[in-house]
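**Student:** What follows is a single structure, and I will ask about it in a moment.
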Amino acid sequence: MKLLKLSQLVILIFFLTGLVSCKTKQKDENQKQQQSQEVATKPNIIFILADDLGYGDVGFNGQDKIKTPNIDKLAANGMIFNNHYTGSSVCGPSRAVLMTGKHTGHSTVRGNPRWTASGTPVDINAEDVTVAEELKRAGYTTGIVGKWGLAENLKEGVPNKQGFDYFYGFNQHSPAHHYYPKSIFENEKRITLDGNNPQTKEGQHIHYLITEKATEFIDKNHKEPFFLYLSYTIPHFELTILEKEKEQYKNLGWPKRKMKPGHYRHDEDGHITYAAMVSTMDRDIGNLVRQLEHLGVADNTLIVFTSDNGHEYDDLKNEFFNSNGHFQGHKRDLYEGGIHTPFVAYWPNTIKPGSTTNHISAFWDFLPTACELAGIKPSDKIDGVSYAPTLLGNENQQQKHDYLYWEFNERQGPIQAVRQNKWKAVKFDKKPVELYNLNEDISEQNNIAEQHPEKAKELLNLINNSRTVHPEFPLIKKTLKRK
């Protein structure tokens, strides 16, 4: 009898142990399933950045010569930001601001490569926390294709050391000036592009390779959350594109703007080439959207389209496209034409089609926005404010900036600027502060500092107290040191 009870006890112990084990396994499976569902709800994020594209270069902002049907379709089916600003009025610092969420008063890179006190380029560094590093924490696969431009020294600033799993493009600033480069980087390996000659424009036009690599990245990574920073070099000088792309703009009776090759190996007819470059980029953006639809991930993908700074080609002397719309200034200015660029957010079935917002935002807001959409909080102190509530139709819950700040210091610098609600202040070195009411004077034609001295003083105080000292980027007049 005792032996029978002992055997029954052994059986009971095995049964209970198995039951606990099954429950534990089931709990683990449930947790894994929940985590998998959470990952599945995280949107893919594609940030498309044009290079030197003006506010008025796209159809949805009034362009009537250059055809941008696919970008316009994103706008018609997404959200237009009427008050979005770049990080700077030139490439390098603007991109640094975009990646780190810190404006140029706090960012590591505050000017283009050689505009430093020592003449030695400054890159983002190991202490900088990029949006790619943040999204890696949230389980994203991250990639950049195109122009990085934040690793002149090819050291800790390279994308693969800044949170990107994949990189194809330009680490450095100057090589990205040419569309037929002799070499390109894929991750940390420099690849020779056989047959390419930047001087004779022979070989493979880099825009098409950039588009191809972006397509491959999406194909490879679309089954899990991904972040793609698609950083086109179009339409930055130099002006050159395949002849087949120009056909739609020939024989329209446009005046010819003859371009003279120098450092930039321009095609001869500037107007036709510029328009064709923008339309080529537009076509490839349309193909990217169709790729997402074909893969079945369009509804879970946020696409952002904008430009790194104001336009350069369509200057006052040769104005043809009205690239800056109603704005004053262009690239290298802190007037609206230099920093106020087109901005569209597209996310099917999430962002209301045909919507617009007057929310005042800037490049340093992208990092916290991406973090919020990914379900995490920024791990570093930043200047940005997430615009996710606006994207999701909850603008009544949208946090607003107290003000936006910029600084810029090349030949005409130093220049500083602040926007606070409707007010904009611009300060040139050793000159009185300028004040504009953007609600009444978006073209910044009427300096009203004398009529509103208290407001001018208030914004000047913000200008004077919105930066930390950076030894390589002092706000003093400087000339370029050549090395």
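The values are calculated or read from the model by the stated rules, or taken from the named source; none is laboratory data. Quick caveat: nothing in here was measured; it's all calculated off a predicted structure. Neighbour counts run over all protein chains shown; Cβ positions are idealised from the backbone, glycine included. Heavy atoms of the whole protein, side chains included, go into the accessibility calculation; ligands, DNA and RNA do not. Shrake-Rupley method; radii C 1.70, N 1.55, O 1.52, S 1.80 Å.
**Student:** Go through the range 283-378 and name the trypsin sites (Lys or Arg not before Pro) that are in a DSSP coil and have 14 or fewer other Cβ atoms within 10 Å of their Cβ.
**Tutor:** Passing both the DSSP loop test and the Cβ count: K317.
**Student:** Within the chain, which is the longest segment that contains none of the GluC sites (Glu not before Pro) sitting in a DSSP loop with at most 14 other Cβ atoms within 10 Å?
**Tutor:** 1-126
**Student:** Non-local amide H neighbours of A50 (under 5 Å, H modeled in plane, Pro and chain starts lacking H): which ones?
**Tutor:** Long-range HN contacts for A50: T306, S307, D308.
**Student:** Follow-up question, since we're still on this one. Along the charge dipole of the chain, pointing to its positive end and built from +1/-1 on Cβ of Lys, Arg, Asp and Glu, which listed residue (I124, I45, S466) has its Cα farthest out?
**Tutor:** Working it through, the farthest residue towards the positive pole turns out to be I124.
**Student:** Let me ask you something else. Just to confirm a number: summing +1 for Lys and Arg and -1 for Asp and Glu over residues other than T390 whose beta-carbon lies under 12 angstrom from that of T390, what do you get?
**Tutor:** On the way: positive: K352, K400; negative: D365, E372, E395.
Net charge in that neighbourhood comes out at -1.
**Student:** Using +1 on the beta carbon of Lys and Arg, -1 on that of Asp and Glu, and nothing else charged, what's the dipole of the range 205-280 about the Cα centre, debye to 20?
**Tutor:** The calculation lands at about 280 debye.
**Student:** Show me the helices of the chain, taken as full DSSP H stretches, that run 30 Å or more along their long axis by Cα and average -0.5 or above in Kyte-Doolittle hydropathy.
**Tutor:** Values: long enough: 2-41 (58 Å, -0.22); 270-295 (38 Å, -0.04).
Counting only whole DSSP H runs, the qualifying helices are 2-41, 270-295.
**Student:** For the range 208-317, build the charge dipole from Cβ charges (+1 Lys, Arg; -1 Asp, Glu) around the Cα centre, then report which of Y208, L288, Y274 sits farthest towards its positive end.
**Tutor:** Farthest along the dipole direction, towards plus: Y274.
**Student:** Here's another thing I want to ask about it. If only Cα atoms are counted, what is the Rg of the range 368-483, and what is its Dmax, in Å?
**Tutor:** In Å, with Rg to one decimal and Dmax whole: 17.4, 52.
**Student:** What are the residues whose amide H is under 5 Å from the amide H of L193, where those residues sit 5 or more places off or on another chain and H is modelled from the backbone?
**Tutor:** HN-HN under 5 Å from L193: S183, I184.
**Student:** Next up: For the range 298-305, what does the Karplus curve 6.51 cos²θ - 1.76 cosθ + 1.60, with θ = phi - 60°, yield as ³J(HN,Hα) per residue in whole Hz, taken in order and with x for Gly and Pro?
**Tutor:** Once θ is set to phi - 60°, the couplings for the range 298-305 become 4, 5, 10, 10, 8, 10, 10, 10 Hz.
**Student:** When all C-alpha to C-alpha distances in the range 91-145 are sorted into bins of 10 Å, what percent of pairs does each bin hold, rounded to whole numbers?
**Tutor:** 24, 48, 24, 5
**Student:** Over what distance in Å are the Cα centres of the range 429-469 and the range 146-170 separated?
**Tutor:** 37 Å
**Student:** Rg and Dmax in Å for the range 313-377, alpha carbons only: what are they?
**Tutor:** According to the Cα coordinates of the range 313-377, Rg and Dmax are 15.9, 49 Å.
**Student:** How far is the Cα center of the range 199-246 from the Cα center of the range 354-424, in Å?
**Tutor:** Here the answer is 28 Å between Cα centres.
**Student:** Something else about it: Per-residue HN-Hα couplings for the range 51-68, Karplus 6.51 cos²θ - 1.76 cosθ + 1.60 at θ = phi - 60°, whole Hz, x for Gly and Pro?
**Tutor:** 10, 6, 7, x, 4, x, 7, 10, x, 5, 9, x, 5, 10, 10, 7, 8, 10
**Student:** How large is log10 of I(q)/I(0) for the range 53-94 at q = 0.15, 0.23, 0.32 Å⁻¹ when the intensity is taken from the Debye formula with one equal scatterer per alpha-carbon?
**Tutor:** Summing over Cα pairs of the range 53-94 leads to -0.44, -0.85, -1.09.
**Student:** Taking every alpha carbon pair in the chain, what does the distance histogram look like in 20 angstrom bins from 0, in percent?
**Tutor:** Taking every Cα pair in the chain, the percentages come to 23, 54, 15, 5, 2, 0.
**Student:** For the range 382-463, what is the accessible area per residue in Å², given a 1.4 Å probe and the full set of protein chains?
**Tutor:** Working: 4090 Å² over 82 residues.
I get 50 Å² per residue for this part.
**Student:** Determine ³J(HN,Hα), in whole Hz, for all residues of the range 45-50 in sequence, where each value follows from phi through the Karplus function 6.51 cos²θ - 1.76 cosθ + 1.60 and θ = phi - 60°; x replaces Gly and Pro.
**Tutor:** Listing the rounded values in order: 10, 10, 10, 9, 10, 7 Hz.
**Student:** Given Cα pairs under 8 Å that are at least 6 residues apart, what percent is the relative contact order of the chain?
**Tutor:** In percent, rounded to a whole number, it is 23.
**Student:** At 1.4 Å probe radius, can you tell me the per residue accessible area of the range 50-128 in Å²?
**Tutor:** Result: 24 Å² per residue.
**Student:** I've got another one for you. Kindly provide the pair-distance distribution of the range 258-335 built from C-alpha pairs, with 10 Å bins from 0 and whole-percent values in order of increasing distance.
**Tutor:** 14, 34, 30, 17, 4
**Student:** Would you tally the net charge around N465, using a Cβ to Cβ cut-off of less than 15 Å, leaving N465 out, and scoring K and R as +1, D and E as -1? Mind dumping the intermediate values first?
**Tutor:** Values: positive: K427, K457, R467; negative: D383, D402, E407, E458.
It works out to a net charge of -1.
**Student:** Okay, next question. What percentage of the solvent-accessible surface of the range 338-483, computed with a 1.4 Å probe over protein heavy atoms, is contributed by carbon and sulfur atoms?
**Tutor:** C and S atoms contribute 47 percent here.
**Student:** Given Cα positions, please report Rg to Rh for the range 196-340, the hydrodynamic radius being the Kirkwood one.
**Tutor:** Ratio value, two decimals: 1.00.
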